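Q: Sharing a structure, written as structure tokens. Questions coming.
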Amino acid sequence: MTDLPEVEPPWHIEPATSVAQLVAAGHLFDRPVEPESAQEFVDDPRHHLLLAVDRTGHPVGFVSGVVLVHPDKGREMFLYELGVDGAARGQGIATSLVRALRDLARENACRGMWVLTDDDNPAAVRAYLRGGASEPTHHALLEWTLP
Ligand SMILES: CC(C)(COP(=O)(O)OP(=O)(O)OC[C@H]1O[C@@H](n2cnc3c(N)ncnc32)[C@H](O)[C@@H]1OP(=O)(O)O)[C@@H](O)C(=O)NCCC(=O)NCCS
């Protein structure tokens, strides 16, 4: 891809601060929005979700992040999820969202930002690199599913 366009893109980025915005962006998430979880999310100042919205007001992408704090590491932004509507991909929207979350991390006095993704997701890895991340390292992901 050539560098991001210098002309104003046909979308803008705005923070989601209400359940209504999250519901309107529901088509971008993996699963249906749960009203209680959405309310808890917007009520928690450490949780952030930025929306890319097209000129018609339709949400076409999002990135979410959580500010984590640890005694020896200070504050870090965990980039939780990133997604762009299939029809809107390849225009630099993900790259712009990642950069916007990085800027928000700076504003929140974070020392860094990190994300976990799959090796076989070149579009995501590319968007993170274009968004200023360092080259990927190899880690193991282990999960607990709690009944
Ligand atoms: C990953 C995703 C968010 C990228 O969105 P996007 O708006 O199309 O990304 P951008 O337009 O900003 O492009 C970012 C880079 O990825 C590259 N890219 C896009 N699709 C690609 C593909 N299928 N294979 C390789 N590179 C690809 C672009 O060319 C660009 O790199 P470049 O600037 O060096 O040319 C989108 O594909 C998506 O929503 N995928 C499903 C959800 C997902 O996997 N999320 C990440 C979970 S960690």
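Q: So for the chain, taking the charge dipole from beta-carbon charges (+1 Lys/Arg, -1 Asp/Glu), which of Pro35, Pro136, Ala88 sits furthest toward the positive end?
A: Pro136
Q: Turning to a different aspect of this structure: Normalised by the number of residues in the chain, what is the relative contact order in percent for Cα pairs under 8 Å and 6+ residues apart?
A: 18 percent
Q: Tell me, Kirkwood radius of the range 48-122 from alpha-carbon pair distances, in Å? Show your work: numbers first, answer last.
A: Details: mean 1/r = 0.0758 Å⁻¹.
It works out to 13.2 Å.
Q: Calculate for the chain the 222 nm mean residue ellipticity that helices alone would give, adding -39,500 (n - 2.57) per DSSP H run of length 4 or more and normalising by residue count, nearest 500 deg cm²/dmol.
A: -7500 deg cm²/dmol
Q: Still on this structure, please answer the following. Could you work out Rg/(2.2 N^0.38 Å) for the range 26-66, with Rg from alpha carbons only?
A: Details: Rg = 11.1 Å, N = 41, 2.2 N^0.38 = 9.0 Å.
Normalised Rg, Cα atoms only: 1.23.
Q: Would you grab the residues whose amide H sits under 5 Å from the one on Met113? Only those 5+ places off in sequence or on another chain, please, with H modelled 1.01 Å from N.
A: Under 5 Å from the amide H of Met113: Met77.
Q: Over the chain, give the accessible area per residue in Å² for a 1.4 Å probe, as an integer. Provide the component values of the computation, followed by the final result.
A: Details: 9990 Å² over 147 residues.
Accessible area per residue: 68 Å².
Q: Treat the range 8-147 as a sphere of radius equal to its Kirkwood radius over Cα pairs and apply Stokes-Einstein at 4 °C in a medium of 1.567 mPa s; give the translational diffusion coefficient in µm²/s, rounded to a whole number.
A: On the way: Rh = 15.9 Å.
Diffusion coefficient, whole number: 82 µm²/s.
Q: May I pose another question? Please get the size of the charge dipole for the range 6-117, origin at its Cα centre, with Cβ charges of +1 on Lys and Arg and -1 on Asp and Glu, quoted in debye to the nearest 20. Each step should come with its number before you reach the end.
A: Working: 10 positive and 16 negative charges, 74 e Å.
My answer is approximately 360 debye.
Q: Fully extended, how many nm does the chain gain between Arg55 and Thr145 (0.36 nm per residue separation, minus their Cα-Cα distance)? Don't jump to the answer; show the numbers that get you there.
A: Numbers: separation 90, 0.36 × 90 = 32.40 nm, distance 4.01 nm.
That pair, Arg55 and Thr145, stretches by 28.4 nm at full extension.
Q: Let me ask something else about it. In whole Hz and in residue order, list the ³J(HN,Hα) couplings for the range 68-83 that follow from phi through the Karplus curve 6.51 cos²θ - 1.76 cosθ + 1.60, θ = phi - 60°; x for Gly and Pro.
A: Per-residue couplings from phi come out as 9, 10, 9, x, 9, 10, x, 9, 9, 9, 8, 7, 7, 9, 9, x Hz.
Q: How many percent of the accessible area of the range 1-138 is carbon or sulfur, using a 1.4 Å probe?
A: Values: 4460 of 8700 Å².
Solvent-exposed carbon and sulfur of the range 1-138 make up 51 percent of the total.
Q: Ok, one more. Apply the Karplus parameterisation 6.51 cos²θ - 1.76 cosθ + 1.60, with θ equal to phi minus 60°, to every residue of the range 116-130 and state each ³J(HN,Hα) to the nearest whole Hz, in sequence, with x for glycine and proline.
A: Whole-Hz 3J(HN,Hα) from phi for the range 116-130: 10, 8, 8, 4, 8, 10, x, 5, 5, 4, 5, 4, 5, 5, 5.
The values are calculated or read from the model by the stated rules, or taken from the named source; none is laboratory data. Owing to the predicted nature of the structure, the values given are computational and were not obtained by experimental measurement. All Cβ positions, even for glycine, are placed from backbone atoms using ideal geometry, and neighbour counts span all protein chains on display. Note: accessible area is taken over every heavy atom of the protein model, side chains too, but ligands, DNA and RNA are not part of it. Shrake-Rupley method; radii C 1.70, N 1.55, O 1.52, S 1.80 Å.
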